[in-house]
1. Looking only at segment 2-34, filter to residues that are out of contact with any helix residue (DSSP H, G or I) (no Cβ under 6 Å at 6 or more places or on another chain) and in a loop (DSSP other than H, G, I, E, B); which one of those is modelled with the lowest pLDDT?
2. Going through segment 186-226 one residue at a time, which ones are out of contact with any helix residue (DSSP H, G or I) (no Cβ under 8 Å at 6 or more places or on another chain), touching a residue at least 24 places away in the same chain (Cβ under 8 Å) and within 27 Å of V67 (Cα to Cα)?
3. Count, please, the residues in segment 35-55 that happen to be assigned to a helix (DSSP H, G or I) and over 19 Å from I132 (Cα atoms).
4. Looking at T16, T70, T96, T12, which is the one that is β-branched (V, I, T), buried (at least 16 other Cβ atoms within 10 Å of the Cβ), closer than 29 Å to S140 by Cβ and in contact with a Gly (Cβ under 6 Å, 6 or more places away or on another chain)?
5. Mind checking which pairs have a first residue in segment 231-247 that is within 17 Å of K199 (Cα to Cα) and a second that is at pLDDT 95 or above and of a type in the set (K, R), Cβ under 8 Å, 6 or more apart or different chains?
6. I need a count of the residues in segment 63-87 that are outside any helix (DSSP H, G or I) and over 19 Å from Q9 (Cα atoms).
7. Would a scan of segment 81-102 turn up a residue that is closer than 17 Å to A42 by Cα, among the polar types (S, T, N, Q) and at pLDDT 95 or above?
8. Checking Y184 against (1) of a type in the set (S, T, Y); (2) assigned to a loop (DSSP other than H, G, I, E, B); (3) at pLDDT 95 or above, which test does it fail?
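The values are calculated or read from the model by the stated rules, or taken from the named source; none is laboratory data. Just so it is clear, the model here is predicted, and its values are computed rather than measured. So basically every Cβ, Gly included, is an ideal-geometry build from the backbone, and we count neighbours across all protein chains shown.
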Amino acid sequence: MGKFKIGAQMYTLRDTCGTVDGVARSCERVKQMGYDGIQCSAALLSTLDPAILKQIKKAADDNGLEVAATHESLDNIRNQFDAVVEKHRILDCKLTAIGGFFPKMEDWSLKMWHQFIADYNTQAKRLAAKGIRLGYHNHSHEFAEIPGAALAPGKDSLCPGLKTPMALLAEGLDASVWFEVDVYWVAHGLADPAAWLKKLAASGKDRLPALHYKDGTVTVDRQHKMCEVGAGNLNWPAILEATKAAGTRWLLVERDSGDLDPFESLAISIKNLRSWGI
């Protein structure tokens with residue numbers, strides 16, 4: 001499993017990445033932990049300002065870190081397309097994904113999801129023409145029910161009798177679109193991360209170039225809680241096996257919230273991953 005590269009999803013460190021100096025110091029600490037790269041997301045890392053982007057790229061280069069991927073808003077892709085393309089040229093990065101799609105409850109319908117998929121395919125093809133691949137990053141609501149969209153039991157082995165947004169995305173998104181599967185959020189949605197990695201890997205070529213790795217546990221009052229990779233309840237042997245089979249190149253470690261300092265959290269996660277031979 002040594003072929004994998006491990007990146008730090010910098011959303012984890014958003015509170016220390018509000019300035020160029022903060023980004024540089026954060027990159028230095030990330031490199032000292034043994035990370036190979038970063039994902040640019042949140043705080044200053046979400047900028048489209050070319051001058052700032054050049055400083056961010058220098059901070060990464062100075063610390064021997066690749067920019068594995070970015071998160072970009074769908075509005076920016078639609079309305080500031082040239083700036084988004086230039087951002088990825090400066091960062092020497094070919095992968096981007098939206099940080100999340102959160103439709104309003106009153107809009108939740110099969111029609112809405114089909115419209116979203118059609119628009120997403122349009123934006124993905126625009127970016128693909130510039131050498132940039134657009135990905136979809138999931139949370140847990142993609143595993144919720146869509147009223148009136150039930151399947152015959154057994155038609156979809158991963159959600160029998162239920163048509164979920166994730167199933168629609170897997171079926172409807174263009175082959176150029178990759179999936180930045182967040183294994184914690186899949187589990188949060190009461191689905192099987194390893195099974196979904198296998199399903200998406202089988203849906204086309206190179207669908208899973210980068211994944212979000214985080215772990216989770218549950219509190220005594222039955223609330224879900226994020227934690228460090230290897231410190232929670234996710235089935236990591238199965239996830240790692242599916243990740244390897246999928247041809248994934250980047251494992252992007254993230255922790256949105258939790259008990260520990262974000263830097264300590266990242267350090268524990270990569271220590272655990274390295275102890276597994278990665």
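1. Across segment 2-34, the extreme among qualifying residues is G2.
2. The answer is G204, K205, D206, P209, A210.
3. The total comes to 5.
4. Of T16, T70, T96, T12, the one residue that is β-branched (V, I, T), buried (at least 16 other Cβ atoms within 10 Å of the Cβ), closer than 29 Å to S140 by Cβ and in contact with a Gly (Cβ under 6 Å, 6 or more places away or on another chain) is T16.
5. These pairs meet every condition: A242/K198; A245/K198; A246/K198; A246/R207.
6. Residues in segment 63-87 being outside any helix (DSSP H, G or I) and over 19 Å from Q9 (Cα atoms): 1 in total.
7. yes
8. Answer for Y184: the failing condition is (2).
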